[in-house]
Amino acid sequence: MYNPTIRAPARFWANRSLAIKGLVVIALPLAVLLGSLLSLYLASNAEARAEDDVRRAFAIQRDTYQVHALLAEAAAGVRGYVLTGDNRFLAPFRKAQREVPSSMARLDEAIEDPIVRDHFEELRVLEAEKRTGLQQIVDVARVGNIAEANVEDALLANKLALDEVRVTIDDIQRREAVVLDERRTRVEEVRAGFLILTAVSALVGLLGSLSAVYLFSTGIVRRVRKLEGDAEALARGERLTEMPEEADEVGRLAQRLVRASALLHDREDDLRASEERFRLVIEKVRDYGIFALDPDGMVTSWNLGAERIKGWRAEDILGRHFSNFYPTETRDHLPEEMLERARENGSAEDEGWRIRKDGSRFWANVVITALRDEQGKLRGFAKVTRDMTERRRSEEALKEARKDAEAASRAKSEFLSRTSHELRTPLNAILGFGQLLEIDEDDFARNHREAIGQITKAGRHLLSLINDLLDIASIEAGSSDLTIETLDLGQLLEEAYSLGKPIVASANLNFELERAGGNIPVRGDARRVTQIILNLIGNAAKYNRDGTFVRLGCRFDGALVRVTVEDDGPGIAEAEAKRLFTPFDRLGQQDRAKIEGTGLGLALSKSLAESMDGGIGFEALAKGSRFWFSLARAAQPENSPLGRNTNDVTESSCPRT
Amino acid sequence: MPENLIQPSEILSRRVLAIDDEEANLLLLRSLLEREGYSDIHCVSDPAKAMQAYVDLEPDLVLLDLMMPEVDGFQLLEAFGRHDRAEEFRPVLVLTADTTLQARRRALALGAKDFVAKPFDVIEVALRISNLLETRILYERLRN
């Protein structure tokens, strides 16, 4: 059926649609049946006609005999009448006169054969002559002057006429007999033909049915059966290779099955390939021990990583229980606990000591995942093991280092605190007594008063040095008392402005504040921010000896806000600017010896700004300098309950850089 | 002069106890106080003896250093608190070189009434001393 060298007619038949096949299978025997019925009808019709002909032939024979008999009896009667004059002898003659014409009429109607017709025409003349002759005899006899001779002549003539009639009738009879024979033969022939036709019809009907069955079988049943076989093969997962070529519904169904099979196989191949890739990947993974366990905890697969980490080769460990990897102190309970947890929660993680084949220990991170099929039945476990020994070592080292660092930091803080105390305590006596002496300076001579002044001045300088140094040190040690909160920089600037005013004023400079109210939320420690601002203002006032102003302001700089302190003093060369924020590196010390300062101010400001996540910097201006430090902007000041749109205010009050 | 006004002499006659392990500082405080006109001044340089002095002398004001060996200022503040009756107002002025915020908070939380960092301004310390004594006197008057 799926033979590619299938014959053309069979192909043609197979390609017809099922509707047409059905029509053909049903119509073929039906047509054969109808043909048989038709031939039967025709045959019986012919037989009836033949029998009709036979009957007619018999009727012609009967009628001709009757005409002859009637005429013979009439002639006999007439002879009797002539001889006796008895009227009773005229009865047959009258009967003949009455009945012969009707018999002749029937014959005229019945005769078809042309030869018989010729004889009949002769008969018609003779019969008429005969009856006329007899009538003449009767008429003569009735008058009674019948000459014996005349009557004898008439009778003789009549007899001759009758003989002629007989001859004619015999002719007719003979001919009719021939015709009858012919017709009988035809009837036999028709009957025989009918018998043959019936037999042929029966045969053809049988053949038609058989061919219908065959067609049905080849066209549908066999192929549906084949299709069923294909479907079963497909269900078994076998691959269907034969591509049917029939174009009908069954053929198309079969083709689709083949295509479905191809698709299934492609997918299966893909899946297999992907599984294979996956298996290879897993096998080749070196850093993770990946292996499978059956539901009882026996090892069923093993990868390179597992071999590397645990020291077991696949052939040695497959089929053995995974508790072999656990050290004695946990072997009794932990493996079962892990499986139990994985069964209950889907997976279980653990970190702890495991042992290698050689008995050495390693610190492992283990994840066991329960593997369940679609019905939820436990199929086994996947176990991923990582050797964390190195990491654990480094973590421990890190922890140790952190502990050391914290201890060092604590020690440093402690040291700072002690140093602070130890340095301040003697200064307290020095400055306190100095101050007391200053209060009573009228009691002293001038040179002593100067000495007292020097003591207190040096003491104060020492104190600010100590303060700044300890500040820097404590910030760098991370132990300064910073309280970072959301502040309103606007308000801080106002405060710093009022605090800085006397400092700037004492240097005979104008002090300008370059902003107009409004909130600028920033993150920082208020005291330290003010300290930086005042330090910068103090520096500007100190070093701006030939200028006219010190200007405090702020600028937005992305997520930061810059506080700027500008002056129109002598400025600082670019090359020197780098050293600005280095402790004790007071630029041009020789020129500025008269200017008081610890040399720690900017370094301290830098530490402070950086400890508040900001920065500090310097820019040379055309005339003068600009020092700035930055603070992180905050979304909203914490003390602004109304949540007003501070952004609008700040944008207008603090220009962008 | 109305009776309820506090006379400077009344303040200056009050008993002041200074506790500091540093003799120089005690000398400074004594000098300052004598210069101001105080007469009843007691100094203790051994913190171990400070509590006994506090109990024995019942001072009107204590000037206390925090960082001292063996017994530090915080321990003494606690001991003073335990010893004093609740309704008593006996001010302690802490004078310390420990300028950290924690020290300041801890001292004030333990009952110190004021806190001045060393090195201190002598005039400021003198003013704070007289203010605290004035408050104590007012308190005593209220109670009587």
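Near A:PHE549: Cβ cut-off under 10 Å, other residues only, Lys/Arg at +1 and Asp/Glu at -1. The net charge is -3.
Quick one: work out the % antiparallel among DSSP beta bridges in chain A, nearest 5.
Just about 90 percent of them are antiparallel.
Against the globular-protein guess of 2.2 N^0.38 Å, express the Cα radius of gyration of region A:9-209 as a ratio, rounded to two decimals. The partial results should precede the final answer.
Details: Rg = 30.0 Å, N = 201, 2.2 N^0.38 = 16.5 Å.
Relative to the 2.2 N^0.38 Å estimate, region A:9-209 comes out at 1.82.
Computed over region A:285-387, the alpha-carbon pair-distance distribution with 5 angstrom bins reads 3, 14, 25, 28, 19, 8, 3, 1, 0, each value a whole percent. Here the mean projected area of the convex hull built on the C-alpha positions of region A:352-424 is 8.9 nm². So what's the gap between the Cα centers of region A:359-416 and region B:73-144, to the nearest angstrom? Between the Cα centre of region A:359-416 and that of region B:73-144, the gap is 53 Å. Report summary: the helix-based calculation at 222 nm, which adds -39500 (n - 2.57) for every DSSP H run with n ≥ 4 and divides by the residues of chain A, gives -22000 deg cm²/dmol.
Near A:ALA348: Cβ cut-off under 13 Å, other residues only, Lys/Arg at +1 and Asp/Glu at -1. The net charge is -4. The angle between the Cα long axis of helix B:122-143 and the main principal axis of chain B comes to about 60°, on a 0 to 90 degree scale.
Where in chain A are the DSSP H helices whose C-alpha atoms run 24 Å or more along the long axis and whose mean Kyte hydropathy is at least -0.5?
A:18-84, A:114-143, A:148-216, A:446-476, A:489-506, A:526-543
Using the crude model of +1 on Lys and Arg Cβ and -1 on Asp and Glu Cβ, and no other charge, please compute the dipole size for region A:417-500 relative to its Cα centre, in debye to 20.
My answer is approximately 440 debye.
The Rg/Rh ratio of region A:395-465, with both radii computed over alpha carbons and Rh defined as the Kirkwood radius, is 1.40. Divided by 2.2 N^0.38 Å, where N counts the residues, the Cα radius of gyration of chain A comes to 2.81. Find which of B:PRO69, B:VAL122, B:ALA109 sits farthest along the positive direction of the dipole of region B:8-139, computed with +1 on the beta-carbon of Lys and Arg, -1 on that of Asp and Glu, about the Cα centre. Among B:PRO69, B:VAL122, B:ALA109, the one farthest towards the positive end of the dipole of region B:8-139 is B:ALA109. Positive contributions from Lys and Arg (+1) and negative ones from Asp and Glu (-1), summed over other residues with Cβ under 13 Å from the Cβ of A:ALA48, come out at +2.
Considering only Cα atoms, the convex hull volume of chain B works out to 108 Å³ per residue. Taking Cα centre as origin and charging only the Cβ of basic (Lys, Arg, +1) and acidic (Asp, Glu, -1) residues, the dipole magnitude of chain A rounds to 840 debye.
Positive end of the dipole of chain A (Cβ unit charges, origin at the Cα centre): among A:GLY77, A:ALA161, A:ALA273, the Cα lying farthest that way belongs to A:ALA273.
Any read-out appearing in this document is the output of simple, stated calculations on the displayed coordinates, not a laboratory observation. What you see is a predicted model; the values in this text were computed from it and never measured. Every residue, glycine among them, receives a Cβ derived from its backbone with ideal geometry; neighbour counts consider all protein chains shown.
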